[in-house]
Amino acid sequence: MDIQRNVSLKDYNTFGLDVKAAALVEFHTEEELLKLLQNPEVQKKNLILGGGSNVLLSQDFEGVILLNRIKGIEIQEEDENEVVVRFGAGENWHESVLHCIDQGWAGIENLSLIPGNIGAAPMQNIGAYGVELVQVFRSLRAINRETREVREFNEKACEFGYRSSIFKTRLKEVFVIVSVDLVLQKKAELNTSYGAIREELEHRGIKEPSIRDVSDAVIAIRRSKLPDPAHIGNAGSFFKNPVITLGHFLTIRMRHPNIPSYQVGKGEVKIPAGWLIEQCGWKGKDLGGYGVHDKQALVLVNRGGGSGEAIHKLSLNIQESVYQKFHINLEREVNLI
Ligand code: FAD
Ligand code: EPU
């Protein structure tokens, strides 16, 4: 295991931010990770990265970046209906989705084209187009960074919520996830309830979609809205969609009759943060090489001229203006480092 010194992290985060790390090292097995966790320099300060697609690196990192590269896709159990598959945390998420589609395993096709690695997927219970990771999740293995204890977490122990889990809250930065087991279906029960998927399938003239058809539809929708980090730096949705009380919603609707909303529970309503941000005039904003995406106001972008600090400041200004106009606090989805 080669420890590199004074490394630029530009190629290791999808915002393309050129901050420096004091050190960086890849690990490919649990044994390598356990060894690294005994190194005093690593013990002092470390950060696990997968694809770097959900982080805002706001300054140089005075510690060791641990790049998770644990590979492997293995069947654990199967019967005529289901298969339980173990994925190494360093496997790429989207390539794993495509692998499952090739095998005829359904369950994660709606999560096609989400950047990043398997190991970070439970961190925020990734979700898109009517499906969340929790719906296919069986368990995961993780290693405590301090004690080096290996622990298995079932679904309940992960405390999954909307863009949240115990690893983003109570156990933030305590464990390194090394593998994830998912339960996939051999007899596909496809989820095409999301309006945009139905419209895309109709547009393609597909009445009885296959798993791949759903994946292709999701890929097309995503490509039409979200910037490709290979061309424009970004980390997907920067904030979560806020949930407010019905009373608060009705007050806002008096002044904004077109406000979009989804009912989430009794007396609670989820509002698309992208709409709130657009209403505050931020959509498409360019502040000199960074700003807000022109097709999706929830996505902050680095067009080549942004620093982590500047994008952080922009995010605070957006939060402030949404609060001033709507009395809604936007919670960051991206992990600020
Ligand atoms: P990283 O950015 O490397 O890490 C994210 C966080 O997890 C960090 O705090 C890191 O320390 C921690 N972490 C990473 N790996 C581990 C590990 N093995 N063990 C413990 N902690 C770890 N997300 C969605 O939910 N839905 C979407 O539709 C979606 N669309 C996106 C579209 C674009 C264009 C982009 C750029 C991002 C999008 N995202 C979306 C966000 C992102 O892709 C996911 O959160 C993804 O799971 C992050 O994976 P990563 O490997 O890049 O994580
Ligand atoms: N909208 C606007 N203006 C905008 C953007 C959106 O008015 O600039 C409104 C529109 O009414 C639109 C609605 O917001 O219909 C919803 O927009 P979209 O379908 O693009 O979804 P989103 O709520 O902005 C969420 C997730 C995405 C996920 C998509 C699809 C969050 C924070 N974001 O976005 O996840 O891919 O739904 O399911 O929940 C991510 O987490 O990084 C991410 C990209």
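The values are calculated or read from the model by the stated rules, or taken from the named source; none is laboratory data. Predicted model, so just to flag it, every value in this text is computed and none were measured. Positions of Cβ are backbone-derived with ideal geometry, glycine not excepted, and every protein chain shown enters the neighbour counts. To get the accessible areas, we keep the full protein, side chains included, count just its heavy atoms, and leave off ligands, DNA and RNA. Shrake-Rupley method; radii C 1.70, N 1.55, O 1.52, S 1.80 Å.
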Once all protein chains are kept in place, Arg198 shows an accessible area at probe 1.4 Å, nearest 10 Å², of 120
The size of the Cβ-based charge dipole (Lys, Arg +1; Asp, Glu -1) of the range 26-106 about the Cα centre, to the nearest 20 debye, is 560
A correct Karplus calculation of ³J(HN,Hα) over the range 308-317, with 6.51 cos²θ - 1.76 cosθ + 1.60, θ = phi - 60°, whole Hz and x for Gly and Pro, returns x, 5, 5, 5, 4, 4, 4, 5, 5, 5
Comparing Arg204, Arg69, Arg151 in a Gaussian network model of the chain (Cα, 10 Å), the one with the largest mean-square fluctuation is Arg204
Label model pair Glu208, Asp102: point-to-point distance (7 angstrom along the Cα→beta-carbon line) in nm is 2.7
Pseudo-spin-label distance Arg151 to Glu82, built 7 Å along Cα→Cβ, given in nm, is 2.5
Any residue on another chain or 5+ positions along whose placed amide H is under 5 Å from the amide H of Val264 is listed here as Val269, Lys270
Using alpha-carbon coordinates alone, the radius of gyration and Dmax of the range 4-68 in Å work out to 11.4, 31
Amide H neighbours of Val178 at under 5 Å, excluding residues fewer than 5 places away on the same chain, with H built from the backbone geometry, are Arg141, Ala142, Ile143
In deg cm²/dmol, rounded to the nearest 500, the helical mean residue ellipticity at 222 nm of the chain, built from -39500 (n - 2.57) for every DSSP H run of length 4 or more, is -7500 deg cm²/dmol
Sorting Phe160, Phe249 on solvent-accessible surface, 1.4 Å probe, most exposed first, gives Phe160, Phe249
Relative contact order as a percentage, the chain, C-alpha pairs under 8 Å and 6+ apart, gives 16
Once the dipole of the chain is set up from charges on Cβ (+1 Lys and Arg, -1 Asp and Glu), the residue from the list Met1, Ala217, Leu57 lying farthest towards its positive end is Leu57
Magnitude of the Cβ-charge dipole (Lys and Arg +1, Asp and Glu -1) of the chain about the Cα centre, nearest 20 debye, reported as 1300
In cubic angstrom per residue, the convex hull of the range 209-337 built on its Cα atoms measures 136
Averaged per residue, the 1.4 Å probe accessible area of the range 73-185, protein heavy atoms only, in Å², is roughly 40
For the range 133-261, the convex hull over Cα atoms projects on average to an area in nm² of 12.3
Rounded to the angstrom and largest first, Cα extents along the principal axes for the chain equal 60, 51, 36
Measuring from its Cα centre, the range 248-337 shows a charge dipole (+1 at each Lys and Arg Cβ, -1 at each Asp and Glu Cβ) which, in debye to the nearest 20, is 260
Taking every DSSP bridge whose two residues both lie in the chain, the antiparallel percent to the nearest 5 is 80
Expressed in Å to one decimal, the Kirkwood Rh of the range 73-185 from all distinct alpha-carbon pairs is 14.1
For the chain, the percent of accessible surface on carbon and sulfur atoms (probe 1.4 angstrom, ligands and nucleic acids excluded) is 45
Mean projected area, convex hull of alpha-carbon positions in the range 30-133, reported to one decimal in nm², is 7.9
Checked against the positive end of the charge dipole of the chain (+1 on Cβ of Lys and Arg, -1 on Cβ of Asp and Glu, about the Cα centre), the farthest of His94, Val19, Leu184 is Val19
Under a Gaussian network model of the chain whose springs join Cα atoms within less than 10 Å, the largest fluctuation of Ile311, Ile166, Ile108 belongs to Ile166
Expected max-MSF residue from Leu300, Leu250, Leu133 in the GNM of the chain (alpha carbon, under 10 Å) is Leu250
Mean accessible area per residue over the range 233-336 (1.4 angstrom probe, all protein chains present, square angstrom) is 49
